[in-house]
1. Given H placed 1.01 Å from N in the peptide plane, which residues other than close sequence neighbours of B:Tyr277 have an amide H under 5 Å from its amide H?
2. Helix-only mean residue ellipticity at 222 nm, chain A, DSSP H runs n ≥ 4 weighted -39,500 (n - 2.57), per residue, nearest 500. What is it?
3. Distances in nm, one decimal, shortest first, from B:Asp254 to the same residue in every other copy, taking the label point 7 angstrom along Cα→Cβ.
4. Please list, in chain and number order, the residues 5+ apart from A:Thr286 or on another chain whose amide H is under 5 Å from its amide H, with Hs placed from the backbone.
5. For a Förster distance of 41 Å, can you work out the FRET efficiency between the beta-carbons of B:Ser96 and A:Leu53, rounded to the nearest 0.05?
6. What are the ³J(HN,Hα) couplings of region A:26-34, residue after residue, when phi is run through the Karplus curve with 6.51, -1.76, 1.60 and θ = phi - 60°? Round to Hz, x for glycine and proline.
7. For region A:55-105 and region B:144-215, write down the distance between their C-alpha centroids in whole Å.
8. Could you identify the residue of B sitting closest to the B-A rotation axis by Cβ and state that distance rounded to whole angstrom?
Number of protein chains: 2
Amino acid sequence: MSKISRVVVVGGTHGNELNGIYLVKKYERSPHLIARSSFESCTLLASPRAHQLMKRYVDTDLNRCFRQQDLENTSLSTYEAQRAKEIYRRFGSGGSQPADLIVDLHTTTSNMGLTLILPSKHLFNLQLASYLTSIHPSIKVLCPLTQNLDAPYLNSISQFGCVFEVGAVAQGVLDAALFQQMEALVHSILDYVEAFNQGSPLSFKNTLHLYQTIQSVDYPRNEAGEIQAMIHPQLQFKDYNALHTGDPIFLTFDGQTIVYEGESTVFPVFINEAAYYEKGIAMYLTEQHQCTI
Amino acid sequence: MSKISRVVVVGGTHGNELNGIYLVKKYERSPHLIARSSFESCTLLASPRAHQLMKRYVDTDLNRCFRQQDLENTSLSTYEAQRAKEIYRRFGSGGSQPADLIVDLHTTTSNMGLTLILPSKHLFNLQLASYLTSIHPSIKVLCPLTQNLDAPYLNSISQFGCVFEVGAVAQGVLDAALFQQMEALVHSILDYVEAFNQGSPLSFKNTLHLYQTIQSVDYPRNEAGEIQAMIHPQLQFKDYNALHTGDPIFLTFDGQTIVYEGESTVFPVFINEAAYYEKGIAMYLTEQHQCTI
């Protein structure tokens with residue numbers, strides 16, 4: 001494959017996820033921190049108006065606005081639909097500054113630690129993930145079961161892209177420890193790309209531990225759609241821990257435990273993410289896989 | 001003093017603090033849970049529109065709308081100003097169902113555990129707090145240095161009132177363990193009032209450990225008001241821990257530590273509360289006192 005010409009570090013795809021926003025603002029003040037000799041580094045505050053309002057989004061979730069048909073749909077007029085088109089016209093494949101690699105920085109109220117989400121299993125992505133896990137061993141790597149060729153996510157407009165989800169952090173809160181770890185991750189990515197471009201790739205293991213999402217699970221709801229139970233205390237903050245048949249997953253408001261009835265052991269992630277209540281997602285279930293690169 | 005005739009359990013003064021909201025909804029479905037023989041128990045979802053929007057407030061913080069001059073000001077037309085007047089007309093001293101005791105249920109992104117905030121040091125409040133701490137020993141009791149006779153808080157419209165602040169919980173998230181603890185606290189209050197009314201008060205210790213707020217501390221900001229530092233990792237989630245001269249309190253985005261320069265040992269609370277960034281409050285400093293009842 002050819003060299004990486006442009007990397008874009010994105011914060012504020014969701015306006016109330018402050019760590020990524022303040023890290024991008026830092027890079028805007030001090031661009032030398034992300035400058036490397038073999039490629040251009042750009043920054044993007046993706047949804048400044050949502051950040052100004054300290055909300056996830058103004059009209060709709062920006063990180064679901066990047067499907068090709070939506071980018072081409074001139075009738076979509078929400079703030080986020082327009083913003084997605086602007087971002088695509090700049091950093092998309094036919095844009096004024098096409099991005100080869102987008103690093104999109106998110107936080108989550110789930111206890112996801114340092115999670116790297118890979119949109120595809122392209123060899124470059126897998127090698128980068130393997131390198132990152134070798135120098136930041138606490139990283140967990142999450143990927144979809146099947147690759148979505150027309151994904152709605154911001155990072156999907158570049159050939160290579162990844163999302164960092166760090167947590168647990170409340171919306172509207174800066175977490176200094178995770179800020180510093182996020183910064184170290186970004187620099188590791190830039191260093192990896194620099195070495196890759198220079199033909200002397202940094203070493204990585206030829207195996208990678210992956211968590212593959214297999215399904216989402218909603219909260220128990222009544223006919224009106226209202227939640228009937230909470231994440232069980234024994235599951236709260238236990239992202240990536242094994243969940244076996246019969247383990248508690250929900251607790252009703254009357255104190256009744258609801259257990260996991262699936263037959264296979266799974267590894268829940270995004271447990272009790274605030275922004276997913278409205279999406280009908282209490283958690284995602286994943287399976288572990290060892291991937292040979 | 002005379003008997004307590006009416007207790008009001010309030011949730012959703014802030015629309016994205018879900019624990020109190022779902023506890024009040026539970027009581028609305030099952031009013032017998034809060035019914036006692038010697039007084040009337042009511043519930044209130046204080047800001048339903050803010051909850052519908054999953055926001056703290058629609059126009060302005062409802063829990064700052066209850067000053068007498070604002071309640072009497074006919075020109076105030078925000079959703080919350082109007083809602084405050086409705087609540088006051090119902091539960092205020094001259095209202096249709098005047099409340100003697102309001103229990104206002106909040107959550108916080110700070111690690112406040114189970115915090116009981118007393119608006120005044122009226123003997124009844126102190127005795128109730130002492131009883132609650134005897135059966136829920138993890139409760140911390142917080143009170144202002146001086147009593148505000150015209151406070152802007154919802155609970156201030158009743159003679160006796162208290163606020164529970166439980167955390168750390170992210171905005172927009174239900175925490176089942178804290179939900180159950182919050183429920184136990186409410187029932188303890190109702191049991192205490194019932195016994196008080198029946199002339200056989202439940203026993204309490206004659207000393208009470210109090211944290212008195214002495215001042216708020218803002219984030220370091222530049223001239224434009226933008227934050228220049230984060231809560232230091234060593235202080236994050238350390239609410240109620242002793243802070244000594246020279247201890248780290250902030251960390252700049254460049255990694256510089258800013259220390260506490262006060263001369264006396266203090267006990268910070270509401271550290272890194274999401275809703276207080278816009279209020280210019282990074283934390284409150286408190287002093288410990290032993291109070292004899």
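1. Residues meeting the criterion, in which the H sits 1.01 Å from N, do not exist here.
2. On the way: 6 runs with 69 residues, N = 293.
The helix contribution divided over chain A gives -7000 deg cm²/dmol.
3. The projected label point of B:Asp254 is separated from its counterparts by 6.1 nm.
4. Excluding prolines and chain starts, which carry no amide H, the hits are A:Ile214, A:Phe267, A:Val269.
5. 0.65
6. 4, 5, 5, 6, 10, x, 4, 5, 10
7. 47
8. Value returned for chain B: B:Ala170, 2.
Only the coordinates and a few stated rules stand behind these numbers; no lab work does. For clarity, every value in this text was computed on a predicted model and none was experimentally measured. Reconstructed Cβ throughout: ideal geometry from the backbone, glycine too, with neighbour counts over all protein chains shown.
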